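Participant: Structure below; questions to follow.
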Amino acid sequence: MQLINKKICMGKDIGIHGNVFGGILMSWIDEAAAAFATEYCCTPNMVTLRVGELIFKKPLKVGNHVRIYGEVVHLGNTSVTLNIESRKFNVYSGEEIVMCTTSITFVRIDDDGMPTPIGESVRRKHQQLATQEIATGMLNP
């Protein structure tokens, strides 16, 4: 997975139980994933189609650092699907603890908001990356 964003949990982000409000974390994930998807697909015309089940595994408190990681798991004709992990980062030890996971799908759209194919150059780049990952053992064939 690739680091795609960093945040610091602040007082304005906290819900009634003293933890980060889930909707805040969801917006951080959507924003980071959207930026990653648009860069990966070489177009600003990507919109969120689907967010998978969000699994909140650990709480976040004021002052906690959050790192959001993403990876492309599927490139379709008009869409890209990412796996996302949000990790609490300890600035003293460098330790990261996964605190939330999900998947998210974006669709490339045209000026009328209709799905449009992702460019061929993106497909070639995606295929090359997948081939490199298989060759280096980073991905199971």
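Readers should treat all values here as calculations from the given coordinates under stated rules, not as data from a laboratory. Computed from a prediction, not measured in an experiment: that's the story for all the values here. Cβ coordinates were reconstructed from backbone atoms using ideal geometry, including for glycine residues, and neighbour counts include every protein chain displayed.
Participant: Between the helical axis of 22-40 and the dominant principal axis of the chain, each derived from Cα atoms, what acute angle in degrees is found, rounded to the nearest 10?
Facilitator: Roughly 30 degrees, rounded to the nearest 10.
Participant: T48 label point, 7 Å along Cα→Cβ, cut-off 16 Å on backbone N: hits in the range 57-88?
Facilitator: 68-70, 80-86, by backbone N distance to the label point.
Participant: Another question, then. Using amide H atoms built in the peptide plane, which far-off residues or other-chain residues are under 5 Å from I4 H to H?
Facilitator: Amide H neighbours of I4, under 5 Å, 5+ apart: I68, Y69, G70.
Participant: Mind checking which of N19, V51, T131 is farthest towards the positive end of the range 2-141's charge dipole, using Cβ charges of +1 (Lys, Arg) and -1 (Asp, Glu) about the Cα centre?
Facilitator: So the residue we want is N19.
Participant: Nearest 500 deg cm²/dmol is fine: what mean residue ellipticity at 222 nm does the chain get from its DSSP H runs of n ≥ 4 alone, each adding -39,500 (n - 2.57), divided by its residue count?
Facilitator: -8500 deg cm²/dmol
Participant: Hey, what angle do you get for helix 120-135 against the long axis of the chain, alpha-carbon based, 0 to 90 degrees rounded to 10?
Facilitator: Tilt relative to the chain: about 70 degrees.
Participant: Still on this model: For each of S79, S27, S121, S86, count neighbouring Cβ atoms within 10 Å of the residue's Cβ, then give the residues from fewest to most.
Facilitator: On the way: S79 18, S27 12, S121 9, S86 28.
Fewest-to-most ranking of S79, S27, S121, S86: S121, S27, S79, S86.
Participant: Test of the criteria: in the range 30-128, which chymotrypsin sites (Phe, Trp or Tyr not before Pro) are in a DSSP loop and have at most 16 other Cβ atoms within 10 angstrom of their Cβ? Write down the numbers at each step before the final one.
Facilitator: Numbers: sites: F36, Y40, F56, Y69, F89, Y92, F106; in loops: Y92.
For chymotrypsin sites (Phe, Trp or Tyr not before Pro) across the range 30-128 that sit outside H, G, I, E and B with at most 16 neighbouring Cβ atoms in 10 Å, the list reads Y92.
Participant: For I8 and K58 in one chain, what is 0.36 nm times their gap in residues minus the Cα-Cα distance, to one decimal in nm? If you can, show how the numbers build up before the last one.
Facilitator: Working: separation 50, 0.36 × 50 = 18.00 nm, distance 1.55 nm.
Taking I8 through K58 to full extension adds about 16.4 nm, to one decimal.
Participant: Taking 20 °C and 1.002 mPa s as the conditions, I'd like the Stokes-Einstein D for the chain in µm²/s, using the Kirkwood hydrodynamic radius from alpha carbon pairs.
Facilitator: It comes out at roughly 132 µm²/s.
Participant: So, with +1 on the Cβ of K and R and -1 on the Cβ of D and E, and no other charges, what is the size of the charge dipole of the chain about its Cα centre, to the nearest 20 debye? Mind dumping the intermediate values first?
Facilitator: Working: 14 positive and 14 negative charges, 96 e Å.
Taking the Cα centre of the chain as origin, the dipole is about 460 debye.
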